[in-house]
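To keep things clear, I will list the structure first and then write my remarks on it.
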Amino acid sequence: MLSVTDLQKTYPSGDEALKGVSIDVTGSETVAMIGPSGAGKSTFIRCVNRLTEPSGGSVELDGVEVTALSSDDLREARRDMGMIFQEYNLVERLTVMENVLSGRLGYVSTWQAFRRNFPPEDVERAYEVLDRVGLADHENNRADELSGGQRQRVGIARAILQRPKILLVDEPTSSLDPETSKAVMDLLTEIAAEDDIPVLINIHEVDLAQEYAERIVGLRDGELVFEGTPDDLDETAKGQIYRGEEIPDVTTGAQQSATTDGDATEGATEEGEIRRG
Amino acid sequence: MTDYRTWERRTPRQRLVRFTLGLLTIVVAVVAWTLLDVNYSYLTSSPEEFMDLFNRMYPPNMTYSGEILSPLIETVHIAVLGTALAIVLSVPVALLGAANTTPNRASFLLGKFIISASRSVNVIIWALVFVIIFGSGALAGVLAIGLRSIGFCSKLIAEAIEEIDPGQVEAVKATGANSLESAIYAIMPQIKPAIVGVSTYRWDINVRSSTIIGFVGAGGIGVELNTAINTFQWQNVLTILIAILALVVFSEVVSAYLRRKVR
Amino acid sequence: MATEQTERREWTRPTAFYNHYVKWTVYLVITVFLLWSAWNMRISLDRMLQGWDAAVELLVGMFPPEFTPFKTDLLIEGMVESLAMSVIATIVGVIISIPIAFMAAENIAPRPIYWLGRGIITVSRAFHELIVAIILVKAVGIGPLAGVLALSYKTIGFFAKLLAEEIEDIDTGQMEATEATGANSIQTLLFGVVPQVMPRIVGLTIYRWDINIRHSTIVGIVGAGGIGATLLNAFDQYDYDFFMTIILAIIAVVMIGELVSTYVRGRIQ
């Protein structure tokens, strides 16, 4: 399980991106982090695997304190955290297979990596994962030949190949059109469920968060202002997260929760259409 | 009497500046011309001299073409080895001279200094220096071409390094790769086209350069050309010129083909 | 998903060549060619050691640089001649280049004239400036005239090519509007084309002048005037201190030229 306590990040410019955020992600739950742009969502995700160095607080993954690790140990810890990026961040000029296999770089020697000489079981698994994300027969395409949705599927495959203990997902859909977004989200949550991996996802589309997450946390100005189930996220809570409205806890209105349900059903229909298409 | 309004394109001040600049240019040109102390009889007789030269050159000596084959091959060797040397040395220099990979300010300045020092000395001067050091021969030529090319290659490779997408490097690092692995998987693929492009382009330039370093004894076809001119074997000169032209066209075609191939 | 029965699939990286045999053959050919080239250089340890000694001697001999009045005069005289050559060659070259550039611009020149213009540019670019210079020395005699002619000739290929590309990129609407007023073709050029390319002409002239300064310092090596002749003399007389002094002076002049040229071009644009 991932346990983040009082995570802080202050940039050299003096901007306080995170002012002490604590979150636990356990079991195989999907936690969505929502919030306006600039709230510190990306900084939070990046501080977990220390792509951005946090200024204070603790990040613990299965009992290992990540913030205290030396760079060698950090590399080992990173193998357990699969990351999926907003701009896919595939190595554009490498083939799909190389991109997927790069998920195993933490396990092979540099010389093997240079020769592209990965263990046969990794290659076999890479093929399976590519089949799973719907990119069978694309292994020799270069990443820059793929569409946005396909690239994000390769990104998912790369993260899955790490056999991570958690998936960190940073705005996976904001470079995609709505339909592709849904397809990618379906795939992501299904794979995570199959492999029993918890997912921490930061996302700005509230409807997607409500549809796919089991738990939602809201971040505003580097502080946690909401935590609850998708049903708890009513207009009041949204106002609090997105407009900073100071409103004491009120029980959710029946009308609003009905609206949310309606959204979810609608989403499910579209999803069905995509599968057929 | 109608009082027409006048129009001038420029204000008096602008006109004054332009006039002064124009005058300055003329003065500089006149002074430069007098300094050159040109013998006008040479100038007036030059058209005849050209015709005479051409008549003596034509037709080219075709039997000579067999003899220049080996210096021509040497010319290509010099260009290839010089370029290879330059590329091998420019990758580290480029890493120093690129703002995002250089370790610190001092190393950045060192990188920039090497780049500019290599570029400000002409290849023929490098050739003279290496002829002094290693004696005449192709080795001096290779080193001259190599050192002259470092600046050019490093500068362009450094620019490519500065333009890489850091996201790709980050993604590979996030899988737990070490820095060497992320260099191989995320940096190299991004700068590979630049390296191949720069080296083939520079090779093309170096083929041209290696045709002339022979004038100071640094090997290649230039040695033959110099000898033929100094011994007034004009028909051989034309043969060599045609051979050089063919070589230059050949290298241009090859380098264009290679650059198209690597995308 | 994963089944025990599935046969393990293998993957090898696709190659830019047709198959892996071709790839290895190409690599082998390149390696053999490089080895052949290196073998032709006759590099020996002995030679490297001698070279090391010579290099040390050269570096030691460099200091202090020679500044006796006689040598200083030679240096200044040669350098001034180089600079004068670069000025004249740039002016002459640019004046000849401008009409050729208009001839070689696809959008304004008629077909036959276009090919003629392109032809002149190609011929001018074909040979290295030192080859042009060495031939011209035989034609018009040793001295700066040969250098000026060589540099002017090389200027044409450079200047006319870049200017022609610039003319091809102009906004044809401005040209058409001028034509539509009833202007003749010369007037159209003057009012519809020249104003668009004028800043570029000035910028290119200064850029080329910078390049001509570099070249004017070396054409003397084949007898075409300038500091290069002084440099070759020092080299022939084993006067290595003076040789290095001249090289340092050349570097200084070239760098100043580049700075000035970059500054002025920055101001114009």
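The values are calculated or read from the model by the stated rules, or taken from the named source; none is laboratory data. Quick caveat: nothing in here was measured; it's all calculated off a predicted structure. Here the Cβ positions follow ideal geometry from the backbone for every residue, glycine too, while neighbour counts run over all protein chains shown. Note: areas computed on protein heavy atoms with side chains; ligands, DNA, RNA excluded. Shrake-Rupley method; radii C 1.70, N 1.55, O 1.52, S 1.80 Å.
Can you find a residue that is over 22 Å from A:Asp72 (Cα atoms) and open to solvent by 60 Å² or more (accessible area, probe 1.4 Å) anywhere in the stretch A:38-47?
Looking for residues that are over 22 Å from A:Asp72 (Cα atoms) and open to solvent by 60 Å² or more (accessible area, probe 1.4 Å), one finds at least one in the stretch A:38-47, hence yes.
Pick from the stretch B:54-94 the residues that are within 14 Å of B:Gln235 (Cα to Cα) and β-branched (Val, Ile, Thr): which of them is surrounded by the fewest Cβ atoms within 10 Å (Cβ to Cβ)?
B:Thr63
Which residue pairs have Cβ atoms under 8 Å apart, sit 6 or more places apart or on different chains, and have a first residue in the stretch C:214-231 that is touching a residue at least 60 places away in the same chain (Cβ under 8 Å) and under 11 Å from C:Met79 (Cβ atoms) and a second that is open to solvent by 10 Å² or more (accessible area, probe 1.4 Å) and assigned to a loop (DSSP other than H, G, I, E, B)?
C:Thr217/B:Asn122
Could you look through the stretch B:156-189, keep only residues that are in contact (Cβ under 8 Å) with a residue 24 or more places away in the chain and open to solvent by less than 40 Å² (accessible area, probe 1.4 Å), and pick out the one that is nearest to A:Val66 (Cα to Cα)?
That would be B:Ile164.
Take the residues in the stretch A:51-94 that are in contact with a Lys or Arg (Cβ under 8 Å, 6 or more places away or on another chain) and of a type in the set (Ser, Thr, Tyr), then tell me which one is nearest to the other protein chains (Cβ to nearest Cβ).
Only one residue fits best here, namely A:Tyr88.
Look at the stretch A:182-210 and say how many of its residues are of a type in the set (S, T, N, Q) and open to solvent by less than 10 Å² (accessible area, probe 1.4 Å).
Number of matching residues: 1.
If you check A:Ala157, A:Ala143, which single one turns out to be within 27 Å of A:Val59 (Cα to Cα), modelled with pLDDT of 90 or more and small (Gly, Ala, Ser)?
Answer to the selection: A:Ala157.
With respect to A:Ala39, determine if the residue is out of contact with any His (no Cβ under 8 Å at 6 or more places or on another chain), assigned to a loop (DSSP other than H, G, I, E, B) and not aromatic (Phe, Trp, Tyr).
Judged against the criteria, A:Ala39 is a match.
If you take the residues of the stretch C:10-27 that are more than 13 Å from every other protein chain (Cβ to nearest Cβ) and open to solvent by 80 Å² or more (accessible area, probe 1.4 Å), which of them is farthest from B:Lys192 (Cα to Cα)?
Looking at the filtered set, the residue picked out is C:Tyr21.
So which helices (runs of 4 or more DSSP H) are wholly in the stretch A:197-277 and hold at least 2 residues that are at pLDDT below 70 and either out of contact with any Gly (no Cβ under 7 Å at 6 or more places or on another chain) or over 27 Å from A:Phe85 (Cα atoms) (or both)?
Passing ranges, in order: A:254-276.
Counting only residues that are in contact with a helix residue (DSSP H, G or I) (Cβ under 9 Å, 6 or more places away or on another chain) and farther than 17 Å from C:Leu145 by Cα, which one in the stretch B:10-52 is nearest to the other protein chains (Cβ to nearest Cβ)?
Among residues in the stretch B:10-52 that are in contact with a helix residue (DSSP H, G or I) (Cβ under 9 Å, 6 or more places away or on another chain) and farther than 17 Å from C:Leu145 by Cα, the one nearest to the other protein chains (Cβ to nearest Cβ) is B:Val28.
From the residues in the stretch C:217-235 that are within 17 Å of C:Phe70 (Cβ to Cβ) and more than 10 Å from chain B (Cβ to nearest Cβ), which one is most open to solvent (accessible area, probe 1.4 Å)?
C:Asn233
Could you run through the stretch C:159-174 and say how many residues are open to solvent by less than 40 Å² (accessible area, probe 1.4 Å) and either without any contact (Cβ under 8 Å) to a residue 60 or more places away in the chain or within 14 Å of chain B (Cβ to nearest Cβ) (or both)?
1
Give me the pairs, please: first residue somewhere in the stretch B:244-263 and more than 11 Å from chain C (Cβ to nearest Cβ) and under 19 Å from B:Ile191 (Cα atoms), second residue anywhere and of a type in the set (D, E, K, R) and surrounded by 11 or more Cβ atoms within 10 Å (Cβ to Cβ), beta-carbon distance under 6 Å, and either six or more positions apart or on two chains.
B:Ser255/B:Asp204
For (1) facing another protein chain (nearest Cβ under 9 Å); (2) more than 26 Å from B:Asn55 (Cβ to Cβ); (3) polar (S, T, N, Q); (4) assigned to a helix (DSSP H, G or I), each residue gets a yes or a no:
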{"site": "B:Trp203", "(1), (2), (3), (4)": "no, yes, no, yes"}
{"site": "B:Ile229", "(1), (2), (3), (4)": "yes, no, no, yes"}
{"site": "B:Phe232", "(1), (2), (3), (4)": "yes, no, no, no"}
{"site": "B:Asn236", "(1), (2), (3), (4)": "no, no, yes, yes"}
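Which numbered condition in (1) part of a helix (DSSP H, G or I); (2) within 14 Å of chain A (Cβ to nearest Cβ) is the only one that B:Ile150 fails?
All conditions pass for B:Ile150, except number (2).
For the stretch A:49-75, how many residues are of a type outside the set (D, E, K, R) and part of a loop (DSSP other than H, G, I, E, B)?
8
Which count do you get for residues in the stretch C:174-195 that are under 12 Å from C:Asn107 (Cβ atoms) and not hydrophobic (A, V, I, L, M, F, W, C)?
Selection size over the stretch C:174-195: 2.
Under the condition of being open to solvent by 70 Å² or more (accessible area, probe 1.4 Å) and over 20 Å from B:Ile132 (Cα atoms), which residue from the stretch C:32-48 is farthest from the other protein chains (Cβ to nearest Cβ)?
C:Val32
Any chance the stretch B:61-68 includes a residue that's away from chain C (no Cβ under 11 Å), part of a helix (DSSP H, G or I) and among the β-branched types (Val, Ile, Thr)?
Yes - at least one qualifying residue is present in the stretch B:61-68.
For the stretch C:139-148, which residues satisfy the criterion of being touching a residue at least 60 places away in the same chain (Cβ under 8 Å) and part of a helix (DSSP H, G or I)?
Passing the criteria: C:Pro144, C:Leu145, C:Ala146, C:Gly147, C:Val148.
Here are B:Gly217, B:Gly176: which of them is within 14 Å of chain A (Cβ to nearest Cβ) and farther than 26 Å from B:Ser90 by Cβ?
The unique qualifying residue is B:Gly176.
When you look at C:Thr181, is it away from chain B (no Cβ under 14 Å) and at pLDDT 95 or above, yes or no?
Criteria not met by C:Thr181.
Out of all the residues in the stretch B:132-147, which are within 11 Å of chain C (Cβ to nearest Cβ), open to solvent by 20 Å² or more (accessible area, probe 1.4 Å) and assigned to a helix (DSSP H, G or I)?
B:Ile132, B:Ile133, B:Phe134, B:Leu143
Given the criteria within 7 Å of another protein chain (Cβ to nearest Cβ), part of a helix (DSSP H, G or I) and touching a Phe, Trp or Tyr at 6+ places or on another chain (Cβ under 8 Å), does B:Ile184 qualify?
It is true that B:Ile184 is within 7 Å of another protein chain (Cβ to nearest Cβ), part of a helix (DSSP H, G or I) and touching a Phe, Trp or Tyr at 6+ places or on another chain (Cβ under 8 Å).
Read through the list (1) open to solvent by less than 30 Å² (accessible area, probe 1.4 Å); (2) part of a helix (DSSP H, G or I); (3) of a type outside the set (D, E, K, R), then give the number of the only condition that C:Ala109 fails.
Among (1) open to solvent by less than 30 Å² (accessible area, probe 1.4 Å); (2) part of a helix (DSSP H, G or I); (3) of a type outside the set (D, E, K, R), C:Ala109 violates only (2).
Looking at the stretch C:245-265, is at least one residue hydroxyl-bearing (Ser, Thr, Tyr), more than 10 Å from every other protein chain (Cβ to nearest Cβ), open to solvent by 40 Å² or more (accessible area, probe 1.4 Å) and within 19 Å of the chain's Cα centre (by Cα)?
Looking for residues that are hydroxyl-bearing (Ser, Thr, Tyr), more than 10 Å from every other protein chain (Cβ to nearest Cβ), open to solvent by 40 Å² or more (accessible area, probe 1.4 Å) and within 19 Å of the chain's Cα centre (by Cα), one finds at least one in the stretch C:245-265, hence yes.
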